[in-house]
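Taken together, the values in this text are just the output of simple stated rules run on the coordinates, not laboratory data. Worth saying up front: this structure is predicted, and the values here are computed from it rather than measured. We place every Cβ from the backbone using ideal geometry, glycine too, and count neighbours over all the protein chains shown.
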Amino acid sequence: MFAATAFFWKDRAIVAGARIGIAAAWAASAASVAWLLWARERSTKAFWWSFGGGMALRALVLAALFGWGLTHAGSSMEGLLLSYVFTLLATLLTLEIRHMRL
């Protein structure tokens, strides 16, 4: 995925932001899936708490990326946030659907 960013975008600032956004989205999704898998074995209440917590985690990472992008001039805000959102959607469709089939 990191190589694809350099293929689509030529500006170094956009590529730098996109790489950070992709890594952050993958980390947030992986943590959310691990939390859901752990909670699924416990109880329905724990599962729904982890589901909401995963959504809150993704929102927190988005806010952190936005704040980080404002303070670092070497990366592009467009690349950072767009790559985060689209990678998050891709990981939701692959990681969570594959691991969370009921």
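Quick one: among Gly74, Gly17, Gly54, which has the greatest mean-square fluctuation in a GNM of the chain with alpha-carbon springs under 10 angstrom?
It is Gly74.
Which of the trypsin sites (Lys or Arg not before Pro) across the stretch 18-63 are loop residues per DSSP, with 13 or fewer other Cβ within 10 Å?
Arg42
Using only alpha carbon pairs under 8 Å that are at least six residues apart, calculate the relative contact order of the stretch 2-99 and give it in whole percent. All intermediate terms of the calculation are to be shown ahead of the outcome.
On the way: 113 pairs, mean separation 44.8, N = 98.
Worked out over the stretch 2-99, it gives 46 percent.
Just the number: Rg to Rh for the chain, Cα atoms, Kirkwood Rh, two decimals.
On the way: Rg = 15.1 Å, Rh = 14.2 Å.
When Rh is taken as the Kirkwood radius, the ratio is 1.06.
Ignoring everything except DSSP H segments at least 4 long, calculate the 222 nm mean residue ellipticity for the chain; use -39,500 (n - 2.57) per segment, divide by total residues, nearest 500.
On the way: 4 runs with 79 residues, N = 102.
Theoretical 222 nm ellipticity from helices: -26500 deg cm²/dmol.
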